[in-house]
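Below: one structure, written as structure tokens.
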Amino acid sequence: MKMKIAIFEVQKWKQEFLKAELAGHEVEFFEEPLSEENVEKAKDAEAISVFIYSKVKKDIIEKLPKLKFIATQSTGFDHIDVEFCKEKGIGVANVPHYGENTVAEHTFALILALSRNVHKSYLRTNSGDFSIEGLKGFDLKDKTLGVIGTGKIGLHVIRMAKGFGMHVKAYDVQTDNFLSEVLHFEYASLDEVLSTSDIVSLHVPYNKNTHHLINKENIKKMKKGALLINTARGGAVDTDALFDALDEGHIGGAALDVLEGEELLLDEKQMLYYKEDNDKLRELVRNEQILKRDNVVFTPHIAFYSQEALERILNATAENLKGFSEGGTIYSVS
Ligand code: NAI
């Protein structure tokens, strides 16, 4: 079945690839995210494809009367109102396997940046100061890594941690005793993982159960001086709680690839459209205060962003769109 497809958040080189893969369909490409401002451009689309900066919520979906299928170019799908899509009979598919090693490698880039003060050294030597005072790090060997969420990415992180000679404690709502035996890690309650780990790393999906999984109450249970790593989704951590824990010196540092309100950080100009939104302004100021700290490392949501991972994402997205139009296999999330 020939479809009208609108694909958002794709740069030129990706467009060439997808155009060839989706030959026979009527495909339109847009480099920007799908939003209230440009939804009109997709009004005839039967299928759309987006990345995470397109917030495909009820108000947008209602403006796409012909829509039957959404293929997100990501693993996480919390930017799409899947429940509403279900009600409307719109299928939603994601890219389930593309970046378990990619995101796990980035997790260790963040851990090592903090544990060996790579970020501080870079800034210091860049300004011509080669002194080493204050740059003493710590070994990962024999430290305990707490992994929250032992799915595809979390398990990869565990394998890598074992390569560094770390102990691993893990928390997940689903446990797999075979894997814990083979990979030599131990499952424990969330509180135990928080209170016994030197480094805690989050690898859960974002949904109503994981919203503020790390919060004002339980962040205090982390070991004094421990590090918090978040490459999952900003909303899994209550950022006010993180701010306080850093400010009070309870935790030793944080490395974040994601942060609640990261959209505003990436494009502060958006504040111009929220003229009377003091909450958003407060969020922006708080986030800037967090990121200014020298014990915080931030990367702008790039844990997935390697050449190899992007190629895998494009292949799976094309498979999803072709699968839907031909009645074949798709990576459905609902
Ligand atoms: P996955 O679905 O393989 O694993 C998630 C794990 O979390 C599962 O084992 C699940 O049982 C567990 N879990 C779910 N709810 C939980 C809860 N309430 N408490 C404890 N554990 C819970 O997902 P995968 O592929 O490992 O990805 C994890 C997340 O990483 C994605 O959902 C996405 O949000 C994020 N991600 C971030 C990227 C980035 O660029 N920063 C790139 C790719 C994924």
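The values are calculated or read from the model by the stated rules, or taken from the named source; none is laboratory data. None of the values given here were measured: they were computed from a predicted structure. Every residue, glycine among them, receives a Cβ derived from its backbone with ideal geometry; neighbour counts consider all protein chains shown. Note: accessible area is taken over every heavy atom of the protein model, side chains too, but ligands, DNA and RNA are not part of it. Shrake-Rupley method; radii C 1.70, N 1.55, O 1.52, S 1.80 Å.
Tabulated results
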{"read-out": "Loop trypsin sites (Lys or Arg not before Pro), segment 7-108 (other Cβ atoms within 10 Å of the site Cβ: 15 or fewer; DSSP)", "value": "LYS43, LYS57, LYS63, LYS66"}
{"read-out": "Chymotrypsin sites (Phe, Trp or Tyr not before Pro), loop per DSSP, at most 13 other Cβ atoms within 10 Å - longest free stretch of the chain", "value": "131-273"}
{"read-out": "Accessible carbon and sulfur surface of segment 100-298 relative to its total accessible area, %, 1.4 Å", "value": "52"}
{"read-out": "Along each principal axis, Cα extent of the chain, largest first, Å", "value": "62, 52, 39"}
{"read-out": "Residues whose placed amide H lies under 5 Å from that of GLY253, excluding near-sequence neighbours", "value": "LEU228"}
{"read-out": "Accessible surface, segment 100-298, averaged per residue in Å² (probe 1.4 Å)", "value": "51"}
{"read-out": "Cα coordinate range in segment 251-334, projected on the principal axes (Å, largest first)", "value": "49, 35, 23"}
{"read-out": "Backbone N within segment 202-236 under 19 Å of label point (7 Å from LEU291 Cα along the Cβ vector)", "value": "228-236"}
{"read-out": "Compactness index (Cα Rg / 2.2 N^0.38 Å), segment 100-298", "value": "1.05"}
{"read-out": "Global form of segment 1-59, assessed from the alpha-carbon gyration tensor, a/c cut-off 1.5", "value": "oblate"}
{"read-out": "Segment 188-298 - Rg and Dmax from Cα coordinates, angstrom", "value": "14.1, 46"}
{"read-out": "Distance violations [Cα-Cα > 20 Å] among LYS55/LYS86; LYS120/LYS143; LYS120/LYS162; LYS120/LYS220", "value": "LYS120/LYS143; LYS120/LYS162; LYS120/LYS220"}
{"read-out": "Long-range HN-HN contacts of VAL168 with modeled amide H, under 5 Å", "value": "LEU145, GLU186"}
{"read-out": "Residue-wise HN-Hα coupling along segment 210-219, computed from phi with Karplus coefficients 6.51, -1.76, 1.60 (Hz; x: Gly, Pro)", "value": "9, 4, 6, 4, 9, 9, 4, 6, 7, 5"}
{"read-out": "Within the chain, helix-based [θ] at 222 nm, where runs of 4 or more DSSP H residues each add -39,500 (n - 2.57), nearest 500", "value": "-10500 deg cm²/dmol"}
{"read-out": "Trypsin sites (Lys or Arg not before Pro) within segment 156-208, DSSP loop, no more than 13 other Cβ atoms inside 10 Å", "value": "LYS208"}
{"read-out": "Fraction of beta bridges assigned by DSSP in the chain that are antiparallel (%, nearest 5)", "value": "5"}
